[in-house]
Each structure stands twice: as C-alpha cells, then as structure tokens.
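Asks: My questions all concern the structure below.
The values are calculated or read from the model by the stated rules, or taken from the named source; none is laboratory data. Computed from a predicted model, the values in this text were never measured in an experiment. Don't worry about glycine lacking a Cβ; one is built from the backbone with ideal geometry, like all the others, and counts go over all protein chains shown. Areas reflect the complete protein model, heavy atoms only, side chains present, ligands, DNA and RNA absent. Shrake-Rupley method; radii C 1.70, N 1.55, O 1.52, S 1.80 Å.
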Amino acid sequence: MKTLLIPLLLIATSSFAQLAGQATPVDKIKVAKGFKVELLYSVPKEQEGSWVSMTQDDKGRMICSDQYGALYRITPPALGGSPGATKVEKLSTDFGHCQGLLYHAGALYGVVNDEAYQGRGLYRCKDTNGDDQFDTVELLRSFPGKAGEHGPHGVIAAPDGKSLYVMCGNQTPEPSCETSRVPRHWAEDQLYPMLLGRGFMRDVLAPGGWLAKTDLDGKKWELVNTGTRNTYDIAMHRNGDIFGFDADMEWDTGMPWYRPTRVCFMQRGGEFGWRTCSKKWPVRWEDSLPPVVDIGPGSPTGVAFGYGAKFPAKYQDALFICDWSYGKMYAVHLSPNGGGYTGVTEEFMSASPLPLTDIEVSKKDGAMYVSVGGRKVQSGLYRVTYTGTDSLAPVPQVEEKPSMRRMLEDFHGKQNPKAIEMAWPYLEYSDRQTRFAARIALEHQPIALWKDKALNESNPRAALTALMGLIRSSGGDKALQQPVLAALNKIDFKALKGLDRVTLIRDYMLAFTRMGEPDAATKEALIKHLAPLFPTNDPALNRDLCEVLVYLGDAGIVAKAEPLVNGSPTQEEQIDYARILRFAKSGWTKELRADYFSWFLRAANYKGGASFDLFIGEIKQNALSTMTEEEKLAIKDVLDAKPEAKAPSFTAKPMQFVKAWTLDELSKSLGVGLEGNRNFANGRNMFGAATCFACHRFNNEGGAVGPDLTSVAGKYSPRDLLEHILEPSKEISDQYGSTVFTLQDGSTVIGRIANMKENNMMVCTNMMDPNNFTNVDARKVVKTEESKISMMPPGLLFMLKEDDILDLMAYLLSKGNPDDPMFVK
C-alpha cells in the first residue's frame, strides 16, 4: 500500500514540460459551472502503465486496469480531504489488460482485449479466502478474432443483477451465441462493390460490432443487437434501456458514407448499419436504427449515467460520455421520443490533452471519478464534485409504463403465434423505433404464416415495413421476387412523404441484393415505373433513386444525374454521384463523359481522411474500366489534364468577391426578407458555396469537424446566427475551440489534439483538412492556452449576394425543411 502526495501549488505554477509524469493539472481543465475537479493521482507510467477501465467494489474503492498490465485498487480520500491521502495498491492477482471491468455479486468481471492470459474473453476473479485479494481467475467465455482496439470492451450488470451485458467492437466475430434477438439473416445489402480506401478491416462482414447478454457464470449467451462499429462502453438507463457511444471511421472523413461518433440507444433486436469501407448504411435506411444524437469526430471511451451523484437534478439524469482524442466529456440530456430518445449535448469537462477513458459515480460518496490514459499516454485519476448552490436532492424515480416497443421486443428471438397479430398494427406506426421492433418480431416468425398478408397489405406504410421484413426473411427465394416487386409497384410514390419514400426505394434495393438481379423484361418495366420519379426535392432520396436506376440500366439517368456531379453543393453529394455513375454503361455522350471526368480535377483539391484520395482514385478507375479505348481517346485532353493545386471550390463556377458585409447592413433585411419569398434550393447551394458543408453537418449531410448546425433555429435568433457567421471569433464554442501549444524553442502550434500515443500529440491545425496533422512532442511543450481566434475563417459570406445570404439564413432556420413557410412554393 502506498500514498502519493500531489502538490497542487506546483501544478498550478509549473510549465507543461516540468510536469512530465503528471496528469493534466486541474487549472487547465474546464468544467461545468458549480463543479470542482481534483487530481487524486498521477499514474507513474513506467511502473503502473496507462489506465483504461474502472469499476468500484463494495467498499467504495476504485479498481483500474492498465491497458497492457495489472490491476490497481484505489482508496480515495474522504470528500474535502487531501488528494495526498489517496491510496493506491497493485492487486496481487495475475490479471489485467482489461478494457471492461465490473465488480458485481462479490466478484470482479474483466474483459480482456489482447492475447494475455487465455486470450480475449470475459473473465471472473474471486476472493475465495476472504483476505481482500482476488485469488482465482476463471475464463468464462473466449472471444474469437485477433487482438486489436476494436475487440471486446465494456461489461455492465443487468437491472435484475442476475445477468451481464458485454459490448464488443467489429474486430470480434459474434461468438455463436446460443440465442439471438437479432434475426440471423444479416447481409451487406449494397448494390455495388465496395470502395476499399486503405482497406482497414475489408474482410469483416456483417454483423460488425455486437452487444450480448449472459448469465453470471457466462454459460448461456444471447445476441442483443448488431451493426455498431466500435462502441467501447455501455450504460444502463434506470428503465432498463442501454446506451452506447459508437466510433466513427476517421479515415472516411469527407466521404458520403462517413458517420460521426454518435450516441446510440442500443435497442434490443437492433441493427445500426455499420458495414466495412464504403458500404456503411446511411441513417435514412429503415432497416437500421438512427442515433440519438451525433457528436462529431472523436474517439469514444467510457460512458455512465449520473445516477447516485450528488449533482443537480439534470446531471443526475444525464448520460456522461467520454471522447478520448479531443479530451472532452459531454453530458447528454435525454428525452423520450416515441419508442426511442432524442438528446441534447452539453460539454461538461474538457482539457487539451485529457485522454478520458472511464467514469464511475461512487455509491459511497456520490462523487464522479474519472480516469485518463490509454495507448501508453500519461494516466491519472480525477474526482468531480458539485460545490454550487443548486439542490442536490435525489431525483424521484417514477415507475414507467412499458412502451409498445418493449412489448414487441418480447417476441424477439422466439416463435410465438401471437407475434404476428400483435406486431401487425404497429408496422404503420408513426414512431420509427416501434415500427422497427414490430418488423423484427415478424422476422422471427415462420415466413409462411405472414407472407401473403405482407404481399396484400393495403396500407402503404405498413406494406413498406412488412415487405422489408419479407425480403430480409426470404432466404433469397427468387420465386418471391416478382410478387414482392408487384406489391412495391402498387404503392403510390407520389402519395408518400419523407422517410416513406426513402423506404420504398430501399425496399427495391433489398429485393435485388437479397433475391438477385431481375431479368431484362423486369428491369425494363421497373425503369419505366421509376425513371419519371427522378429527381425529387429530397437530395438524399435522389441518390438512392439514381443508384437503383443505374443498377437497372436506365439509359436516361446519366443525362439527368451527371450534371449533379459538378452541380451539387456538397463535396459528399458530388462524390456520391460520381460513385453511383461509375458503373453506368449506357446513356453517355462525349460531353457528359468529359464533364464527369473533369470533376476529378476539382476533387483533387478536396480534403478528407486518410483514405480520401484512394477512394477518389478507385471511383475514377472503376469509371474508366467501363469505357472503350475509342471513348477514352475522344476525351484524351480531359483524361491527361493535371489538377491545379488551389483551395477547394464546391461550385462549378468560380465565386467572386461581392462585398465585405457587416452585421448592421444585413440585419436590416432579416425581418421582411425571410417572410415567404426565399428559395430553399438556392439556400442549400449557398451553404455549399460558402464552404459551410466542408466543416458543418446539417440535416444529416456535410462535414463533421465543426458543430452540427441542424438545431441552430432553436438556439439563435436570425440576428445572433448571422453575427456568429460574420464574426466567428467573437464567441468560440468550448466544444470546437483550439489550443496554442508553445514549445521550448519558442515556436507555437495552434489546433486541436486529434490523437495521441505515448508522448506524441497529433494536432489538427486546419478544419478544412482534417487529415493533416502536426506532431507535437508533449515533453517539449512549455505552455498551453486557449486560442482566441476561431478555427472558422471570417469572410465566408463576402462571396455571396444579399439574396443568397437571406436564402442561406432561411435554409439554416428551416432545419432543412423545404415546406417551411419562409420558402416560395
């Protein structure tokens, strides 16, 4: 047993370099108003490693695991006591390497993510002789696959205390669970071959990451949901619902299939649409579940609810999530929404660096304990308490009535003759999560019992859901394809709205991916039926519809869609049309080919993740492979042209300086100028022309290195929003601020830490180029401070006319709804 004294005065006055061997000092950490952070322990890296997981035992002590080493038990000082009274001991048991820890029912459960001990799996440690040391280690279930950071992760207890939930990343094959709430007919379900990029995990197919439930002895396992990427940790809502924080693929940044880190409600029977490389499913496809809230780029680690914390009420109910790479902890404030949830994020705690790994709310003292570490970086343990004036009274627990979604989930994983009757009315339900649960209940029943009912359903929304389930459950039965297509053709596309239109086109896709390519006559009939629908007023739906028409061989789609390669307002949308049209074999003219391939000269200046240039190159090579030598010769000048290095431009026509607009000038037009006479399409185009889409996500499209702007209408008045755009440095969001790192030689690096390993910090210095990092040696940093200059450049509106700016403002304030009264009908 040992005691470590951390001299707070030294931390407050020392330079960054002098603090080698110390975790980030508390005076560098921002925390929500009224809260206090204490540094209880800086981990001696060479002796005790770097801590990545944490749990608390029945005596209020924390147990932490080194990523590549042993377990340590920490006895915190009493609240108000000196951090120097923190006691740390290395446990004598030969066990560690855990990315998930849980003390439960008198035992310590650990999830090992490498080849240590008996390899990857769920273990249980017990103290059999009462000496306060674990003396037995038992492997309960081994997990297949190779060691890697996308392996087995978090473990939590079920509300009844009789079972456990274990979360695994997509590098861990599903370990042949005895039962499954997820129908075992998962597939890739994309029409075209994938683009590889760097090819990370190219051979990993569905189901991807998964969540499973097991008994305390690890004997029987039930697969709960699938399709996540690399959810590190999970947390249990007091009502029994589970939440996780899933990872993005940073190499995909800038591509149309990039998905930001996101908080997911881990619905039972759920599918979250991760597929490898370019095959990820967009959120709009109803055969997957949407996130609760997108966070942005980052590296998700520990999560926990604030239950039991001596915090104000809203924080007791909050879901706290950790971002390792950007050093931020968010409080996610959840609200029930039908059978699912919506969420609002608040930055709760942050610093640069602050490689957060795990969270525990102490059952003994009501404080929050936070660990930092991982990848052999400097590790430490912090304590967060509330010192403000708000009430700390426990939030009353109200017993919730089981939702219909939960009742439908009771039919998952089993055959029950009542399931069809129970589920059918909810196939048309307005709530997406409930519709999903109803469809999964159907998919677990023998198809012969409900096939005809699905084919003859007259309610359009119910038919869309039922036919999706029928196609997925068909086992590839080709004989069913014609009846399914006939049923889909009966649904009036023009009578549908919003997501229902997307689901209809997705059902056609699934009929092809699951049941095979239709014959020539069927293709011709489908083209005649679907081609007149393109384009719609929904940009995302247009891409799905275009993809189906190209797949069917529609000769007319190229002339309609190719101009969108150069004419779409976002980098991602342009890339998607280039991707879709790369396999179009008919309908090309010399002019269309030249215009298509000239786009690659523009795209050479676009920016993205580490696979970006490789993806673009693959699209071009695929397109070239469909051409004859004569066709190539006809546009030789375009194919031989070299791109000119310059700033990216997302408009086909170069933008010209208009005016250095001021807030006073433009604010005069914000009233009457936004009343019913605005142009939605032009507003969206201006969001691209002003390069907003390059960094910001809006209505599920665009970049993700800046704040998601979908909800700005509920946060800002039109004048305040305009002020933020014109003067980005006037008020800088903590969430997206940058840091000035001053080095020993007097030089500075300004940006955001995006990744770390040991003493190396990878700093992103340009939001427009998220893959361009500057390496900074933490040992050479003498000072860090917040930058007072926003990473968002000023003057973005100076290339727009006043009407364009007003259309842009209306687009932002409408939340992307073309039916908003601000727009001309």
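Asks: Mind checking the log10 I(q)/I(0) for the stretch 15-170 at q = 0.08, 0.16, 0.18, 0.19 Å⁻¹? Debye, one equal scatterer per Cα, no solvent, two decimals.
Replies: So the normalised log intensities work out to -0.26, -0.98, -1.15, -1.23.
Asks: Looking only at the stretch 658-680, which residues have a backbone nitrogen under 19 Å from a spot 7 Å from the Cα of Arg719 in the C-beta direction?
Replies: 661-675
Asks: Further question: Carbon-plus-sulfur fraction of the accessible area of the stretch 144-202, 1.4 Å probe, in percent?
Replies: Carbon and sulfur together cover 52 percent of it.
Asks: On alpha-carbon atoms, Rg over Rh for the stretch 736-825 using Kirkwood Rh?
Replies: 1.21
Asks: Follow-up question, since we're still on this one. How compact and how long is the stretch 19-105, expressed as Rg and Dmax of its alpha-carbon atoms in Å?
Replies: 13.9, 42
Asks: Please work out the ratio of the alpha-carbon Rg of the chain to 2.2 N^0.38 Å and round it to two decimals.
Replies: Taking N as the residue count of the chain, the ratio is 0.98.
Asks: Equivalent-ellipsoid semi-axes (√(5λ), Cα gyration tensor) for the stretch 485-640, whole Å, largest first?
Replies: After scaling each eigenvalue by five and taking roots: 29, 18, 14 Å.
Asks: Let me ask you something else. Only sites in a loop by DSSP and with at most 15 other Cβ atoms within 10 Å count here; which trypsin sites (Lys or Arg not before Pro) in the stretch 41-88 make the cut?
Replies: Hits after loop and neighbour filter: Lys59.
Asks: Taking the Cα centre of each part, how many Å lie between the stretch 257-304 and the stretch 520-573?
Replies: Between the Cα centre of the stretch 257-304 and that of the stretch 520-573, the gap is 26 Å.
Asks: Starting from the Cα-Cα distance between Lys497 and Lys801, subtract it from 0.36 nm times their residue separation and give me the gain in nm to one decimal.
Replies: 106.1 nm
Asks: While we're here: Rounded to two decimal places and with Rh computed the Kirkwood way over Cα pairs, what is Rg over Rh for the stretch 557-658?
Replies: Checking Rg against Rh, the ratio lands at 0.95.
Asks: Magnitude of the Cβ-charge dipole of the stretch 202-341, K/R +1 and D/E -1, about the Cα centre, nearest 20 debye?
Replies: The dipole magnitude comes to about 100 debye.
Asks: In percent, how large is the relative contact order of the chain, given Cα pairs closer than 8 Å and 6 or more residues apart?
Replies: Relative contact order of the chain: 10 percent.
Asks: Next question, about the same structure. Residue farthest toward the positive end of the dipole of the chain, with Cβ of Lys/Arg at +1 and Asp/Glu at -1: which of Ser669, Thr345, Asn239?
Replies: Toward the positive end, the furthest listed residue is Asn239.
Asks: Given N residues in the stretch 377-451, what is Rg(Cα) / (2.2 N^0.38 Å)?
Replies: The stretch 377-451 yields a ratio of 1.90.
Asks: Charges at C-beta only: +1 for Lys and Arg, -1 for Asp and Glu. How large is the resulting dipole of the stretch 532-619 about its Cα centre, in Debye rounded to 20?
Replies: 260 debye
Asks: In the structure displayed, which of Lys126/Lys363; Lys478/Lys560; Lys364/Lys757; Lys490/Lys560; Lys30/Lys607; Lys328/Lys801 lie more than 27 Å apart, Cα to Cα?
Replies: The answer is Lys478/Lys560; Lys364/Lys757; Lys30/Lys607; Lys328/Lys801.
Asks: Among Ala689, Phe35, Leu91, whose Cα sits farthest toward the positive end of the charge dipole of the chain (+1 at Cβ of Lys/Arg, -1 at Cβ of Asp/Glu, about the Cα centre)?
Replies: Most positive-ward Cα: Leu91.
Asks: Also, I was wondering about something else. Over the stretch 306-358, calculate the relative contact order: mean separation of alpha carbon pairs under 8 Å at least 6 apart, over the residue count, as a percent.
Replies: It rounds to 33 percent for the stretch 306-358.
Asks: Could you calculate, for the stretch 366-498, the ratio of the Cα radius of gyration to the Kirkwood radius, expressed as Rg to Rh?
Replies: A ratio of 1.27.
Asks: Can you give the helix-only mean residue ellipticity at 222 nm for the chain, where every DSSP H stretch with n ≥ 4 adds -39500 (n - 2.57) and the sum goes over all residues, rounded to the nearest 500 deg cm²/dmol?
Replies: Taken over the chain, the calculation gives -7000 deg cm²/dmol.
Asks: In what sequence, highest mean first, do 808-819, 404-415 appear when ranked by Cβ atoms within 10 angstrom?
Replies: In decreasing order of mean packing, 808-819, 404-415 become 808-819, 404-415.
Asks: Given the C-alpha centroids of the stretch 79-142 and the stretch 327-358, what is the distance between them in whole angstrom?
Replies: Between the Cα centre of the stretch 79-142 and that of the stretch 327-358, the gap is 28 Å.
Asks: List the pair-distance distribution P(r) of the stretch 97-174, using every Cα-Cα distance, as the percent of pairs falling in each 10 Å bin from 0 up to the bin containing the longest distance, rounded to whole percents.
Replies: Computed distribution, short to long bins: 20, 50, 27, 4.
Asks: Excluding same-chain residues fewer than 8 positions from Lys90, which aspartates and glutamates have a Cα within less than 12 Å of its Cα?
Replies: Filter leaves Glu48, Asp66.
Asks: Rounded to the nearest angstrom and ordered from largest down, what semi-axes does the equivalent ellipsoid of the stretch 143-186 get from its C-alpha gyration tensor (root of 5λ)?
Replies: 20, 16, 8
Asks: Using Cα pairs closer than 8 Å and at least 6 residues apart in sequence, work out the relative contact order for the stretch 261-348, in percent.
Replies: Once normalised by length, the contact order is 22 percent.
Asks: Let me understand the stretch 281-421 better: what is its radius of gyration from the alpha carbons, and its Dmax, in angstrom?
Replies: In order Rg, Dmax, the Cα atoms of the stretch 281-421 give 18.5, 57 Å.
Asks: Rounded to the nearest 20 debye, what is the charge dipole size of the chain about its Cα centre when +1 sits on each Lys and Arg Cβ and -1 on each Asp and Glu Cβ?
Replies: Taking the Cα centre of the chain as origin, the dipole is about 240 debye.
Asks: In Å², and per residue, what accessible area does the stretch 493-565 have when probed at 1.4 Å with the other protein chains present?
Replies: 36 Å²
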